[in-house]
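Visitor: This is the structure I have questions about; it appears just below.
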Amino acid sequence: MQKILAIISVGIRQMVADPVQMMFLLALPILMTWVMSFLPVDAYEMAILGVLVMFVALNLITSAGGYILEEKETGTWQRMRASTTSYWHIIIGYFIRLFVTGLAQALILLLSSKYLFGAPWQQGYWATVLVLSIYIFAMTGVGLFLAGFVKTQGQVQALAMGVVMVGTMLGGVFFPIDNASPFIRGIAQISPQSWAATALRDLLTAGGSLSLLMGPLLWMGGIGLVLLAGGVTKLQMEG
Amino acid sequence: MSILDVKDLKKSFGKNHAVRGISFMVAPGEIFGILGPNGAGKSTTLSLIAGLLRPDGGRVLIGDYDLHLEPQNAKKMIGIVPQEPALYPMLSAEENLRFWGTINGLRPGDLANSVKRVLDIVGLSTRARDRVNTFSGGMKRRLNIAAGLIHQPRLLIMDEPTVGIDPQSRNHILETVANLRDNDMSIVYTSHYVEEVEHLCDRVAIMDHGHLIKEGTLTDLLSHGHRHQTLHLHLHGSSKTLQDLIAQLPGVEQVLTENGHMRINAVEAEPIMPNVLQLVKQSGASISNIRLEKPNLESLFLQLTGRGLRD
């Protein structure tokens, strides 16, 4: 347990000590949320949840791939693998670190949207945390899956942008897609970002029930589980 | 009893046979040097010994433990010092060492003393609270060694720990390595620098194309079957014809020329010097520098592999 805590703690302290990372994680999305707050209230609610799911996805995918690649380049990954710490402890440490930073980022964005920029939400907070947790699990799975295959930081950035932009922009996160083409609606059907944004809107705005969201939650959880298993296995094979 | 016993170790990457069935042992308190050019298989060998790669054949025993059957027990006995500092730059020296101590199984109560002990060993006690990204290259290398020592391993694997650093840090590292040996630690040491290996290592293995082609103490290696001397000539206007003519002189075994630097390997170089000088004069070339080198690891390496260590 101490080893897992050490891996989580070192990762978070490295991140907090880097002002550029902190700007990307928090300052930029908060700035965008503030800009969105000048929209009419309906559009604002949609847009800020879009900003949230987009930045959380970008953070988790670039972090998972980028951190592991950086650790391989600096040799800290190899030094950990040569220690008495098992591969599974290392991966659990990485996973929790990513999950915690993703959840913290999402909650800070939600709270700043409500208390700083006036999002009119009054309900569904605990259910929102559950939806966010499952979404973050799915995005961590996507990130660790890509981490098993990428070889350069450039590949990490390109794949992260590809996955996030297609899933978010074409997935109907920022605009209604009821009258969009079947192609756009097809992307929304498989995009975890689209499912997450819809579920969050249903909970926070319309007061929807969790029982109605079982489909999206199972879909996001399933994607996360399958991709996580694939990535973790690939990383273990690489040594 | 040995600390490290490598038996018939093999590793391939596709069609590239990086390590082709090598065997050697390292005794307690011994520094075992591995010399070889890039691509010889040194790094793969170190990765296999550190448990980072799974071998295709053979086995690695660390003390009484088979590295792949009892990895936890075996790895407790190993410390690694990678060529590039494997550290977290945004954390302090002390925070890095506490992390590597925890990862290597030290209990929280033992961490403070262990951190202090290794910082003293590498001479960085006064910089314990400073972030690693404020350190010089040499200081990072020393902290890198401290991270390998934090859990008091019996065997330290050092991969070219002095590449690219200033002479002062290099001397400090070499002194540290010698002191560790004096405290009964076993060390596997790879380097391109022959003088380091000659100075530090109790036994040396020469590796090329995945094979250990020679192994023994420095005295053994230089006395058995290797009495060659090397004559170094720095020439202006050397030619292939001149090289061929010198190669035909009695006693000359090998002539290599690169960028005007001619290396002549001979059983006895002194007696052939007049003939060499005459041939150079006849060819119209001129000599800017001449040096006679007695048998050493570099010339032995050249004789055994036909190429220089930095080739």
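The values are calculated or read from the model by the stated rules, or taken from the named source; none is laboratory data. In this text, all values refer to a predicted model and were calculated from it rather than measured experimentally. As a convention, Cβ positions derive from the backbone with ideal geometry for all residues, glycine included, and neighbour counts pool all protein chains shown.
Visitor: Take residues that are buried (at least 18 other Cβ atoms within 10 Å of the Cβ) and more than 14 Å from chain A (Cβ to nearest Cβ) and tell me which of the strands (runs of 3 or more DSSP E) falling wholly in segment B:133-219 contain 3 or more.
Guide: Numbers: elements: B:155-159, B:186-191, B:203-208, B:211-217.
Counting at least 3 such residues, we get B:186-191, B:203-208, B:211-217.
Visitor: Here is a follow-up. Inside segment B:89-132, can you point out the residues that are assigned to a helix (DSSP H, G or I) and among the charged types (D, E, K, R)?
Guide: B:E94, B:E95, B:R98, B:D110, B:K116, B:R117, B:D120, B:R127
Visitor: Within segment B:57-69, which residues are within 14 Å of chain A (Cβ to nearest Cβ) and modelled with pLDDT of 90 or more?
Guide: B:V60, B:I62, B:Y65
Visitor: Check every one of the helices (runs of 4 or more DSSP H) wholly within segment A:1-55 and list those with 1 or more residues that are under 15 Å from A:Y67 (Cα atoms) and of a type in the set (A, V, I, L, M, F, W, C). Don't jump to the end; show me each part of the working.
Guide: Numbers: elements: A:2-16, A:19-22, A:28-36.
Fully inside segment A:1-55 and qualifying: A:2-16, A:19-22.
Visitor: Testing B:G51 on (1) within 29 Å of B:L304 (Cβ to Cβ); (2) at pLDDT below 90, one condition comes back false. Which one is that?
Guide: Here B:G51 clears every test but (1).
Visitor: Oh, and also: What do you reckon, is B:L212 aliphatic (A, V, I, L, M) and within 26 Å of the chain's Cα centre (by Cα)? Working first, answer last.
Guide: Values: aliphatic (A, V, I, L, M): yes; within 26 Å of the chain's Cα centre (by Cα): yes.
Yes.
Visitor: On to the next question. B:M262 versus (1) within 25 Å of B:G36 (Cα to Cα); (2) assigned to a loop (DSSP other than H, G, I, E, B); (3) modelled with pLDDT of 85 or more: which is the lone unmet condition?
Guide: (2)
Visitor: Could you please find all residues in segment A:156-193 being touching a residue at least 60 places away in the same chain (Cβ under 8 Å) and polar (S, T, N, Q)?
Guide: Those that are touching a residue at least 60 places away in the same chain (Cβ under 8 Å) and polar (S, T, N, Q): A:Q157, A:T168, A:Q193.
Visitor: Tell me, please, whether a residue that is in a loop (DSSP other than H, G, I, E, B), crowded, with 17+ Cβ neighbours inside 10 Å, of a type outside the set (D, E) and modelled with pLDDT under 80 can be found in segment A:182-189. Break it down stepwise before answering.
Guide: Start the filter on segment A:182-189 by keeping residues that are in a loop (DSSP other than H, G, I, E, B), which leaves none.
Taking every residue of segment A:182-189 in turn, none turns out to be in a loop (DSSP other than H, G, I, E, B), crowded, with 17+ Cβ neighbours inside 10 Å, of a type outside the set (D, E) and modelled with pLDDT under 80.
Visitor: Name the pairs: first residue in segment B:62-87 and farther than 24 Å from B:V132 by Cα, second residue among the polar types (S, T, N, Q) and in a loop (DSSP other than H, G, I, E, B), Cβ to Cβ under 7 Å, at least 6 apart or on different chains?
Guide: B:Q72/A:T84; B:K75/A:S83; B:K75/A:T84; B:K76/A:T84
Visitor: Of all residues in segment A:68-126, which are closer than 22 Å to A:G208 by Cβ, in contact with a Ser or Thr (Cβ under 8 Å, 6 or more places away or on another chain) and either buried (at least 16 other Cβ atoms within 10 Å of the Cβ) or facing another protein chain (nearest Cβ under 9 Å) (or both)?
Guide: A:L103, A:L109, A:L110, A:S113, A:A119, A:W121, listed by residue number.
Visitor: I've got another one for you. Of the residues B:A86, B:A40, which is crowded, with 20+ Cβ neighbours inside 10 Å, in a loop (DSSP other than H, G, I, E, B) and facing chain A (nearest Cβ under 8 Å)?
Guide: Values: B:A40 fails: facing chain A (nearest Cβ under 8 Å).
Unique residue meeting the criteria: B:A86.
Visitor: Also, I was wondering about something else. Return the residues of segment B:101-117 that are at the interface with chain A (Cβ under 8 Å from one of its Cβ atoms) and in contact with a Lys or Arg (Cβ under 7 Å, 6 or more places away or on another chain); say none if nothing qualifies.
Guide: Listed by number, the residues that qualify are B:T102, B:I103, B:G105.
Visitor: While we're on this one: Looking at B:E160, B:E195, which is the one that is among the charged types (D, E, K, R), farther than 22 Å from B:L4 by Cβ and under 14 Å from the mean Cα position of the chain (by Cα)?
Guide: Details: B:E160 fails: farther than 22 Å from B:L4 by Cβ.
Criteria check complete, one pass: B:E195.
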